[in-house]
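Chemist: Before we start, here is the structure in question, set down as structure tokens.
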Amino acid sequence: MLGVAVPAMMTDWGVARSAFPPVLASGLVGMMIGGALGGIAGDRVGRRAALVGSLLVFGVLTLAVATVDNLAALGALRFLAGLGFGGTVPNAAALTSEYVPLRHRPFAVTLTIVCVPIGGTLAALFASQVLPAFGWRALFAIGGLLPLLVALLMIVVLPESPRYLARHPDRWPELARLLRRFGHDVAPDAVFIDSPIIGDGAGPAVGRASLVALFSPGLRRDTVALWGAFVFCLLAVYTGFNWVPSMLTGAGLDVAVASAGLAAFNLGGVAGAIAGALAITRFGSRPTILGMAAAAAASAVVMTTMRIAGDADAGAIVLMLGITGGLINAVQITLYALAAHLYPTALRATGVGAAASFGRLGAIFSTYAGAWTLEAGGTRLFFGLIAAAMAISAASLALVRRHIPRAG
């Protein structure tokens, strides 16, 4: 929401766009730390508890943003809210991947993570109605209340991961009840094990979840390559998230076009990610994700040649933003399915959270790089940065050894 609200805040507080990069970066730093801590917490105390706790944290602190009146307070609350938001994604991905059969894992994880750009789309569309009528404070008030309601719902209905429960004998009665809900006939004295799955990409067996375990000999190369793909893909994603509205309004287009451009950038990723997940099931992740990353780089190159100005064809600009953003978001979302595939149960939330957290370095850099490209080279350099980032992300993905195989 902050990327959409920046123009209104600039007017309200009388500050320049150049004052906002540290504020945008503070939230991303919080997400980086929160993703790593939330992933470790999910592997140690349970995915459900870590997910609900993360929702409560970022809901309360997003709601508090509606009360701030200066950049320092905004930055502090964004950092703290980021801690909570960062913890949600690895635990949501781990839960989903462990609820479903292996053959459905890429599609199930994608359907979960695709809700991030859906949320971005709703924020952009909702902001176009709320900002003119009620201002940016109402936008953050509503945005903070919604995750609190979701957290309360999860406390009532969300079960823990069966594979996580299987690793904790003291919680076997809970697992037995859950499996009966799933339709399985479980004996009262049943004993459970978290056994290896044929076809799973999990590496060697590990003990207690930790960041160090991600760099064991069997996991090191894939971890480094995955982190590289996350860094540069999230650089491209957040360059769009944070700066597309300001780029379009700065070029002379009105706020409605700016909101539509950001919505298209996000919404295209929903269709692209779902199509990508289906393609992964049929062809595997190597050709699918690499192909989408290369296509995203090519689409951004096309946008470097477009004329973006107040009298330009707004429809064509929004369309190309939809295509480019769709491909970029599709890569970013399916990376979570790849991350969930790479790591065993004991490290799954930690591995996903660490990859997403390290990737936030690219997102943090985007807050400065996006502003610099717009000031130094305009839209051509802006989209050139996105193209280069996606090309490097594709190269990193080519180095991953244990891609998701085609279903069979």
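The values are calculated or read from the model by the stated rules, or taken from the named source; none is laboratory data. The shown structure was predicted, so the numbers you read here are calculated from the model rather than taken from an experiment. Don't worry about glycine lacking a Cβ; one is built from the backbone with ideal geometry, like all the others, and counts go over all protein chains shown. Accessible surface areas use protein heavy atoms only, side chains included; no ligands, DNA or RNA. Shrake-Rupley method; radii C 1.70, N 1.55, O 1.52, S 1.80 Å.
Chemist: Do any chymotrypsin sites (Phe, Trp or Tyr not before Pro) in segment 2-106 lie in a loop, going by DSSP, with at most 14 other beta-carbon atoms within 10 Å of their beta carbon, and if so which? It would help to have the intermediate numbers written out before the result.
Modeler: On the way: sites: W13, F58, F79, F85, Y99; in loops: none.
Passing both the DSSP loop test and the Cβ count: no residue.
Chemist: Could you work out [θ]222 nm for the chain from helices alone, using -39500 (n - 2.57) per DSSP H run of at least four and dividing by all its residues? Round to the nearest 500 deg cm²/dmol. Kindly include the intermediate steps, with their values, before the conclusion.
Modeler: Values: 15 runs with 310 residues, N = 408.
Helices in the chain give a 222 nm mean residue ellipticity of -26500 deg cm²/dmol.
Chemist: For the chain, with the dipole built from +1 on Lys and Arg beta-carbon atoms and -1 on Asp and Glu ones, taken about the Cα centre, which of G120, P173, L226 lies farthest toward the positive end?
Modeler: Positive-end residue among those listed: P173.
Chemist: If you count only protein heavy atoms and use a 1.4 Å probe, how large is the accessible surface of L290, to the nearest 10 Å²?
Modeler: 40 Å²
Chemist: How far is helix 314-342 tilted, in degrees, relative to the longest principal axis of the Cα atoms in the chain, given as a value from 0 to 90 rounded to the nearest 10?
Modeler: So the helix axis and the longest Cα principal axis differ by about 20 degrees.
Chemist: At a threshold of 8 angstrom on Cα-Cα distance, excluding pairs fewer than six apart, so keeping six or more, what relative contact order does the chain reach in percent? Let's see the in-between values first.
Modeler: On the way: 785 pairs, mean separation 107.8, N = 408.
It rounds to 26 percent for the chain.
Chemist: Please work out the average accessible area per residue across the chain, using the 1.4 Å probe convention, and give it in Å². Don't skip to the end; give the middle numbers.
Modeler: Numbers: 16040 Å² over 408 residues.
Per residue, the chain has 39 Å² of solvent-accessible surface.
Chemist: List residues of segment 355-371, by number, whose backbone nitrogen lies under 20 Å from a label position 7 Å along Cα→C-beta of A388.
Modeler: 359-371
Chemist: Can I ask one more? How large, in percent, is the carbon and sulfur part of the accessible surface of the chain at a probe radius of 1.4 Å?
Modeler: Summing carbon and sulfur atoms, their accessible area is 70 percent of the total for the chain.
Chemist: Using a Förster radius of 25 Å, what is the FRET efficiency between T67 and A376 based on their Cβ-Cβ separation? Nearest 0.05, please.
Modeler: Values: r = 36 Å, r/R0 = 1.43.
That gives a FRET efficiency of 0.10.
Chemist: When the chain is modelled as a GNM with alpha-carbon springs shorter than 10 Å, which of G34, G284, G370 fluctuates the most?
Modeler: Comparing G34, G284, G370 in a Gaussian network model of the chain, the most mobile one is G284.
Chemist: Could you tell me what a quarter of the Cα convex hull surface of segment 1-51 works out to, in nm² with one decimal place? Intermediate results must be reported in sequence, preceding the final value.
Modeler: Working: hull surface 17.2 nm².
The orientation-averaged projected area of the Cα hull of segment 1-51 comes to 4.3 nm².
Chemist: Given the options W136, W172, W243, which has the most mean-square fluctuation in a GNM of the chain, springs set between C-alpha atoms less than 10 angstrom apart?
Modeler: W172
Chemist: For D189 and A133 in the same chain, what is the full-extension length gain: residue separation times 0.36 nm, less their Cα-Cα distance, in nm?
Modeler: 14.1 nm is the gain from fully extending D189 to A133.
Chemist: Sticking with this one: Can you tell me how segment 81-120 classifies by the Cα gyration tensor, rounded, prolate or oblate, using a/c under 1.5 as the rounded cut? List each step's numbers first, then the result.
Modeler: Numbers: a/c = 4.45, a/b = 1.67, b/c = 2.67.
Verdict is oblate for segment 81-120.
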